[in-house]
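Trainee: Submitted below is the structure of interest, expressed as C-alpha cells.
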Amino acid sequence: AATDEQDHSESDDLEVVIAYTSKHLNDREAKWSTTEKEAYAIIHAVDVFRTYLYGRKFTVFTDHRPLEWLMSKSEPAGRLARWALKLQEFDIV
C-alpha cells in the first residue's frame, strides 16, 4: 500500500493524504523475496502517482531499505534493471 501526501508549509510537520493505492500480488510476485516485494511497492506507487511526482522532488518513506538495495546493485538484470531505470526518471530524495 502507498499514500501520496502533501506538506502544508503553514503548519509544522502537517502532511495530508491526497491519494491511496494498493495492489494484490499474483502467485509469481508473492514468491519474490521481501526486499523485492518492497521494491516493487515503490515501483507500483511511482507508476500510480506519476502525474503528481514527475518533475518534483519527493521522499520515499519505508521501514525497509528496498530503494537503496535496488540502486546499489552493480549489474541488475531483468526486472531489477527495469525497475532501476524507471526510478532514475524521478527526483527521489
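Trainee: Given the peptides 34-47, 52-65, arrange them by the average over their residues of other C-beta atoms within 10 Å, most packed first.
Mentor: Values: 34-47: 17.5, 52-65: 11.3.
Ranking the peptides 34-47, 52-65 by packing returns 34-47, 52-65.
Trainee: Hey, what does the equivalent ellipsoid look like for segment 2-92, semi-axes from the Cα gyration tensor as sqrt of 5 times each eigenvalue, largest first, whole Å? Don't skip to the answer; put the middle values down first.
Mentor: Values: eigenvalues 126, 47, 29 Å².
For segment 2-92, the ellipsoid semi-axes come out as 25, 15, 12 Å.
Trainee: Another question about this same structure. Give me the number: length gained by fully extending residue 44 to residue 21, i.e. 0.36 nm times residue separation minus the C-alpha to C-alpha distance, one decimal in nm. Don't jump to the answer; show the numbers that get you there.
Mentor: Numbers: separation 23, 0.36 × 23 = 8.28 nm, distance 0.86 nm.
Between residue 44 and residue 21, full extension yields an extra 7.4 nm.
Trainee: Same structure, new question: How many lysine pairs in the chain, separated by 8 or more positions in sequence or lying on different chains, have Cα atoms less than 19 Å apart?
Mentor: Qualifying lysine pairs in the chain: 7.
Trainee: Also, I was wondering about something else. Given labels modelled 7 Å from the Cα in the Cβ direction, how far is it in nm from residue 91 to residue 28?
Mentor: 3.5 nm
Read the figures in this text as sums done on the coordinates, not as results from a lab. Since the model is a prediction, treat every value here as computed from it, not as a measurement. A quick note on method: Cβ atoms are made from the backbone with ideal geometry, for glycine too, and the neighbour counts reach across all protein chains shown.
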